[in-house]
């Protein structure tokens with residue numbers, strides 16, 4: 001079993017925003033893919049274990065902007081198992097130089113009942129974790145109270161993942177839409193807590209607040225919080 005997995009991603013203009021730098025959602029797209037490919041290589045994908053991987057929380061830190069045709073190396077590994085949560089760490093580099101890192105927590109849901117399954121029900125789990133490397137701490141709770149309505153967004157075809165719910169990468173894009181990014185804003189850190197599934201047909205209300213250095217965002221639909229986000233800005 002390959003405990004530490006690397007994959008390279010070339011940045012194309014589909015990942016780039018109007019300022020000429022990669023959108024925060026590009027990192028989330030690459031992390032989701034690297035995690036999926038790694039799990040598949042270890043015989044831990046949905047077909048092997050009869051369960052769905054669901055991202056619960058993600059905290060990412062970025063040290064430099066990415067430009068078109070940069071090649072981003074994503075290194076990832078299972079950083080431990082705590083209760084029902086599988087921790088997955090990421091490191092980013094460009095031409096061998098650090099570009100950021102992230103820590104995430106995931107759960108698996110039974111494919112039939114959609115109830116959380118504990119890692120102890122998966123025999124491969126005992127050999128999957130690699131806890132020797134230094135990582136960010138496990139993402140914690142966020143305070144996203146007291147925000148003002150920024151915009152609404154109907155959940156349509158292009159928002160959906162393979163499970164028929166709002167994709168976690170699209171959530172990163174929707175959070176970015178609520179930040180009113182200026183020419184010089186650089187999202188230096190971003191945490192998203194995914195609190196409830198959002199199926200097609202619902203309309204999200206996004207509430208937001210930002211200062212020169214920080215931001216907070218909350219997504220609600222049908223009176224229920226669907227995701228929470230917070231982070232910090234640097235300067236381009």
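We did not get these values from a lab; they are worked out from the coordinates using the rules stated. Remember, it's a predicted structure, so these values are computed and weren't measured experimentally. Here the Cβ is made from the backbone with ideal geometry for all residues, glycine too, and neighbour counts use every protein chain on show.
What the table below lists for this structure:
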{"item": "Highest-fluctuation residue, 178, 125, 34 considered, GNM on the chain with Cα pairs under 10 Å", "result": "125"}
{"item": "The chain, relative contact order in percent, only Cα pairs under 8 angstrom and at least six apart counted", "result": "19"}
{"item": "Computed Rg/Rh of the stretch 46-107, alpha carbon atoms with Kirkwood Rh", "result": "1.07"}
{"item": "Normalised contact order of the stretch 1-138, rounded percent, pairs of Cα under 8 Å and 6 or more residues apart", "result": "28"}
{"item": "Label-point separation, residue 203 to residue 127 (7 Å along Cα→Cβ), nm", "result": "5.3"}
{"item": "Mean Cα-pair separation over length for the stretch 141-236, i.e. relative contact order, pairs under 8 Å, 6 or more apart, %", "result": "36"}
{"item": "The chain: calculated mean residue ellipticity at 222 nm from DSSP helix runs of at least 4, using -39500 (n - 2.57)", "result": "-4000 deg cm²/dmol"}
{"item": "Packing-based ranking, highest mean first, of 225-234, 95-104, 6-15 given that Cβ atoms within 10 Å are counted", "result": "225-234, 95-104, 6-15"}
{"item": "Candidates 176, 41, 105: whichever shows maximal mean-square fluctuation once the chain is modelled as a Gaussian network with Cα springs under 10 Å", "result": "41"}
{"item": "Relative packing of peptides 85-92, 111-118 - highest average C-beta neighbours within 10 Å first", "result": "85-92, 111-118"}
{"item": "Gyration tensor verdict on the stretch 131-171 (Cα atoms; rounded if a/c is under 1.5, prolate if a/b is larger than b/c, oblate otherwise)", "result": "oblate"}
{"item": "Residue 212 versus residue 14: modelled label distance in nm, points set 7 Å from Cα along the beta carbon direction", "result": "3.9"}
{"item": "Separation in nanometres of the label points that stand 7 Å from Cα toward Cβ, at residue 113 and residue 52", "result": "1.6"}
